[in-house]
C-alpha cells in the first residue's frame, strides 16, 4: 500500500483553556525529522521544536504571550526521504 506523507499546522489556538485547542503543534503522518520555529511580530523566536510530540503552550520564558498573530517556519523530512517546507501564521486567542 502506498502511504502518503501528511503535514498540517492549525491556524489558531486558545492557550490556558482546557481541551484540544489549548496547545498547538504540528500534525502529520510519516514525519521522521522536523524543525519548527514560531516568531512574534518583532521577529523574536518564541518557540522551537524538533519533535512532533512537543507542542507550544503560548508562553515564552514562562510568561503567557499576548493575543496576536505569530508566524512560523517548518521544515520536515518524511520517512520516505522526501522533504517539505511550510510557512504560515497562527492566531493566539485569549
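Quick notes
- For the pair segment 15-55 and segment 60-94, the centres of their Cα atoms are 5 angstrom apart.
- When only Cα pairs below 8 angstrom with a gap of at least 6 residues are kept, the chain shows a relative contact order of 30 percent.
- Working value for segment 6-92: equivalent-ellipsoid semi-axes of 23, 14, 11 Å, each the square root of 5 times a Cα gyration tensor eigenvalue, largest first.
Bear in mind that the values in this text are calculations on the coordinates, not laboratory data. Note that this is a predicted model, so its numbers are computed, not measured.
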